[in-house]
Amino acid sequence: FKVQTAAHDRKTTVLLMPVGMSRSKSNTSQYHTHQDALSWRLEWVLHSATGNAAGGDDAPTRVYDRSVSESAVISTAFSKHKHVLTSTNKPTNVIFLMAKIPAI
């Protein structure tokens, strides 16, 4: 629960999946006590401008980062994934959407 506490201190709400679920197992977000720093697992969901992902189906392309520092610039963190943007799923604009979920 160190991640939740550190996130709360930063006015960020963290919702955890129940233990045993695949999302909970794959979560590699961490709180580093000695540095007082969070690192996040990020899932990038890429939708094509036409609605189709590479390969012709309607599923978006998904890429993951195991550990991204809370101080990272989001566009810099994403830049290493530009290779997955092909002519069929390359958006005309890249929009970064962060959601703030109100506390319950």
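The values are calculated or read from the model by the stated rules, or taken from the named source; none is laboratory data. Predicted, not measured: the structure shown is a model, and the values here were computed from it. Every residue, glycine among them, receives a Cβ derived from its backbone with ideal geometry; neighbour counts consider all protein chains shown. Heavy atoms of the whole protein, side chains included, go into the accessibility calculation; ligands, DNA and RNA do not. Shrake-Rupley method; radii C 1.70, N 1.55, O 1.52, S 1.80 Å.
Answer with yes or no whether VAL19 is surrounded by 11 or more Cβ atoms within 10 Å (Cβ to Cβ) and β-branched (Val, Ile, Thr).
Spelling it out, it is not the case that VAL19 is surrounded by 11 or more Cβ atoms within 10 Å (Cβ to Cβ) and β-branched (Val, Ile, Thr).
Considering only residues that are open to solvent by 50 Å² or more (accessible area, probe 1.4 Å) and either touching a helix residue (DSSP H, G or I) at 6+ places or on another chain (Cβ under 7 Å) or of a type in the set (Asp, Glu) (or both), which ones fall in segment 59-77?
Scanning segment 59-77 gives a single hit, GLU70.
Please go through segment 63-84 and give me each residue that is at pLDDT below 85 and in contact with a strand residue (DSSP E or B) (Cβ under 7 Å, 6 or more places away or on another chain), ordered by number.
HIS81, VAL84
Among the residues of segment 9-32, how many are hydrophobic (A, V, I, L, M, F, W, C) and over 20 Å from GLU70 (Cβ atoms)?
Residues flagged as hydrophobic (A, V, I, L, M, F, W, C) and over 20 Å from GLU70 (Cβ atoms) within segment 9-32 amount to 3.
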